[in-house]
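Asker: Structure below; questions to follow.
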């Protein structure tokens, strides 16, 4: 069982995950941010692999990705940075990026580098269920990596069941039809959708993301799911100031 | 080996739909319905009527005598430049707007580079009274001001893409993001044979009217449906896909694709994807694209905004990989020279994109008995500023 699966086995509620873009605000800040998040009581971390054309991301993550690439971030450095702190990090890490990055790096080389860097799972938004099943499932399993699928308000019940059947850590419940960082409140339509999926009694726990930005939206999300993921709001906070104090303050406000 | 899309949306190794779950229902809706709608009598009737009376089809197949004298063989120009709005782009937008209507969509989004697809989309939206939002790179908005004005006059909203290189690739990303944010009422009217399946096939089918007419016109003029060579420029590749479509399985017809090599394929300022590209995923499709060792998509360059795209459609990647197509390239300078040459020999000012196709006439072997069709995809009005600058008028 990998770290991510273990986490969900042992913790059923109020799980907090943070996304940040590796190499932003500075090339060297990846390790500091991971350690800062770990100390601040986050449950797992999504380490963004900056991509030139992040089609599922809104302006904040696009901007951080562009800057990270301008800072010189690339996958060699990314995996090197993760490897160098692997001994000090016990939290599950997820690598988040786009399929083209994995494909160009070479599938096996990429997956091996994930393992070597202490990555437990992957979120590649443009890796569709079908392509995963046909081309990647066996490979991911060979390396002991889990793939996390997204479910949106438009995903049919039948398809949610298919996604549940093939998932083996958690399902990423996208809070609304949007790119990342778009919305700020949770409305009744979203609540109905959360309830609808929750009542399906899936085998995988649900974690809500996209549009979770503060303690209010986090705690609302936790009413219907095992936890929530915060991305853009955190990326914005590190862009202003980047030290342990800022990180732990951000997390404690979310948890309050 | 076939050259049509397979049931999984692939052309050989290329194509497919590499899309976020957020786009799955939108793309699925299109995939489930497009063939049935396109093949329906009602659609065919409406589409053909619009092509005839609104676009002005069939476009002439013109025997370019003086051009033929210069290069040998019998050279015909397929005059897509004479279409309403000035290029082949409108063949596709007329078809897709009818499809969007039949799917009950109220809001149309599109991406544009040079502005030709944006204008063609804004035009059909005005015709059908549909809301139209066109994403265009901030840099392209500056360098294609007349087309921006045309879109606005037609009632479209032009939204600048300010991310990345601020050109066509980024405008496409923004259009995709808009579609993610508006999954139910919005139709994404894509402008080339790119994007996730079924777009490459959909757009190729709508541009196929070009080669459908060529067969009839060649038969009339030469007694044979098939030419020896068809030459077309390739950015994303929609005019080429249309010009090749009904000849794909006729292996005796040589299909010549011309990419823009910008300042030269080795200069780093080029858009010649098949020369320097590698397999990868761009805008939801597996194809050849320009990227670095880590899968970051790199910036293309060409004097012609319509060829300034870092990928090619998956059909073209397949034609390249299978050697069914011959891929050549032309530099900025060669295209400019060819544009001037056509103007002086035939009295036709071509679009810079189409001038790239003409530029290979001097590079290929032509027999006296050869019948050659050059797809003249657009007219040069939109490029007058560049021509004035480069040619010193």
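The values are calculated or read from the model by the stated rules, or taken from the named source; none is laboratory data. None of these values were measured; they are calculated from a predicted model. Using ideal geometry, Cβ is built from the backbone for each residue, glycine included, and neighbour counts are taken over all protein chains shown.
Asker: Restricting attention to the stretch B:233-245, does a residue exist that is within 14 Å of chain A (Cβ to nearest Cβ), in a loop (DSSP other than H, G, I, E, B) and surrounded by 20 or more Cβ atoms within 10 Å (Cβ to Cβ)?
Answerer: No, there is no match, as no residue in the stretch B:233-245 is within 14 Å of chain A (Cβ to nearest Cβ), in a loop (DSSP other than H, G, I, E, B) and surrounded by 20 or more Cβ atoms within 10 Å (Cβ to Cβ).
Asker: Let me spell it out: the conditions are (1) at pLDDT below 95; (2) buried (at least 24 other Cβ atoms within 10 Å of the Cβ), and residue B:92 meets all of them except one. Which number is the exception?
Answerer: Going through (1) at pLDDT below 95; (2) buried (at least 24 other Cβ atoms within 10 Å of the Cβ) one by one, residue B:92 breaks only (1).
Asker: Something else about it: Among the listed residues A:150, A:145, A:202, identify the single one that is more than 23 Å from residue A:102 (Cβ to Cβ) and surrounded by 13 or more Cβ atoms within 10 Å (Cβ to Cβ).
Answerer: On inspection, the qualifying residue turns out to be A:202.
Asker: May I pose another question? Would you point out which residue out of B:278, B:273 is closer than 20 Å to residue A:53 by Cβ, at pLDDT 95 or above, touching a strand residue (DSSP E or B) at 6+ places or on another chain (Cβ under 7 Å) and away from chain A (no Cβ under 14 Å)?
Answerer: Sole residue among the options that is closer than 20 Å to residue A:53 by Cβ, at pLDDT 95 or above, touching a strand residue (DSSP E or B) at 6+ places or on another chain (Cβ under 7 Å) and away from chain A (no Cβ under 14 Å): B:273.
Asker: Can you say whether residue B:301 is within 14 Å of another protein chain (Cβ to nearest Cβ) and assigned to a loop (DSSP other than H, G, I, E, B), as far as the supplied structure shows?
Answerer: For residue B:301, the condition - within 14 Å of another protein chain (Cβ to nearest Cβ) and assigned to a loop (DSSP other than H, G, I, E, B) - is not met.
Asker: Let me ask something else. Could you grab me the full set of residues in the stretch B:108-128 that are assigned to a helix (DSSP H, G or I) and either at pLDDT below 95 or touching a helix residue (DSSP H, G or I) at 6+ places or on another chain (Cβ under 8 Å) (or both)?
Answerer: Listed by number, the residues that qualify are B:116, B:117, B:118, B:119, B:120, B:121, B:122, B:123, B:124, B:125, B:127, B:128.
Asker: Restricting attention to the stretch B:73-89, report how many residues are under 16 Å from the mean Cα position of the chain (by Cα) and not in a helix (DSSP H, G or I).
Answerer: Residues in the stretch B:73-89 being under 16 Å from the mean Cα position of the chain (by Cα) and not in a helix (DSSP H, G or I): 5 in total.
Asker: Consider the stretch B:212-237. How many of its residues are on the phi > 0 side of the Ramachandran plot and in contact with a helix residue (DSSP H, G or I) (Cβ under 9 Å, 6 or more places away or on another chain)?
Answerer: Qualifying residue count, the stretch B:212-237: 1.
Asker: What residue, of B:52, B:105, B:70, is over 17 Å from the mean Cα position of the chain (by Cα), assigned to a loop (DSSP other than H, G, I, E, B) and surrounded by fewer than 23 Cβ atoms within 10 Å (Cβ to Cβ)?
Answerer: B:105
Asker: Additional query: Filter the stretch B:318-337 down to the residues that are touching a helix residue (DSSP H, G or I) at 6+ places or on another chain (Cβ under 8 Å), over 26 Å from residue B:144 (Cβ atoms) and in a helix (DSSP H, G or I) and list them by number.
Answerer: Once the filter is applied, which keeps residues that are touching a helix residue (DSSP H, G or I) at 6+ places or on another chain (Cβ under 8 Å), over 26 Å from residue B:144 (Cβ atoms) and in a helix (DSSP H, G or I), the stretch B:318-337 yields B:319, B:320.
Asker: Next question. So in the stretch A:46-73, with the set limited to residues that are surrounded by fewer than 22 Cβ atoms within 10 Å (Cβ to Cβ) and farther than 17 Å from residue B:166 by Cα, which one is farthest from the other protein chains (Cβ to nearest Cβ)?
Answerer: It comes out as A:71.
Table: residues versus (1) under 27 Å from residue B:31 (Cα atoms); (2) part of a helix (DSSP H, G or I); (3) touching a helix residue (DSSP H, G or I) at 6+ places or on another chain (Cβ under 7 Å); (4) more than 12 Å from chain A (Cβ to nearest Cβ).
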{"site": "B:149", "(1), (2), (3), (4)": "no, yes, no, yes"}
{"site": "B:152", "(1), (2), (3), (4)": "no, yes, no, yes"}
{"site": "B:158", "(1), (2), (3), (4)": "no, no, yes, yes"}
{"site": "B:165", "(1), (2), (3), (4)": "no, no, no, no"}
{"site": "B:179", "(1), (2), (3), (4)": "yes, yes, yes, no"}
{"site": "B:184", "(1), (2), (3), (4)": "yes, no, no, no"}
{"site": "B:190", "(1), (2), (3), (4)": "yes, no, yes, yes"}
{"site": "B:194", "(1), (2), (3), (4)": "yes, no, yes, yes"}
{"site": "B:210", "(1), (2), (3), (4)": "yes, yes, yes, yes"}
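Asker: Has the stretch A:239-254 got any residue that is within 23 Å of residue A:187 (Cα to Cα) and crowded, with 20+ Cβ neighbours inside 10 Å?
Answerer: Checked against the condition, which is being within 23 Å of residue A:187 (Cα to Cα) and crowded, with 20+ Cβ neighbours inside 10 Å, the stretch A:239-254 yields at least one hit.
Asker: Right, something else. Within the stretch B:283-299, how many residues turn out to be in contact (Cβ under 8 Å) with a residue 40 or more places away in the chain and closer than 21 Å to residue B:167 by Cβ?
Answerer: 7
Asker: Search the stretch B:129-146 for residues being in contact with a strand residue (DSSP E or B) (Cβ under 8 Å, 6 or more places away or on another chain) and assigned to a helix (DSSP H, G or I), and hand back the single one that is nearest to residue B:173 (Cα to Cα).
Answerer: So the residue we want is B:138.
Asker: Any idea how many residues of the stretch A:76-123 are within 18 Å of residue A:138 (Cβ to Cβ), assigned to a helix (DSSP H, G or I) and within 14 Å of chain B (Cβ to nearest Cβ)?
Answerer: So the answer is 6.
Asker: If only one of B:355, B:305 is modelled with pLDDT of 95 or more and either farther than 18 Å from residue B:114 by Cα or in contact with a helix residue (DSSP H, G or I) (Cβ under 8 Å, 6 or more places away or on another chain) (or both), which one is it?
Answerer: B:355
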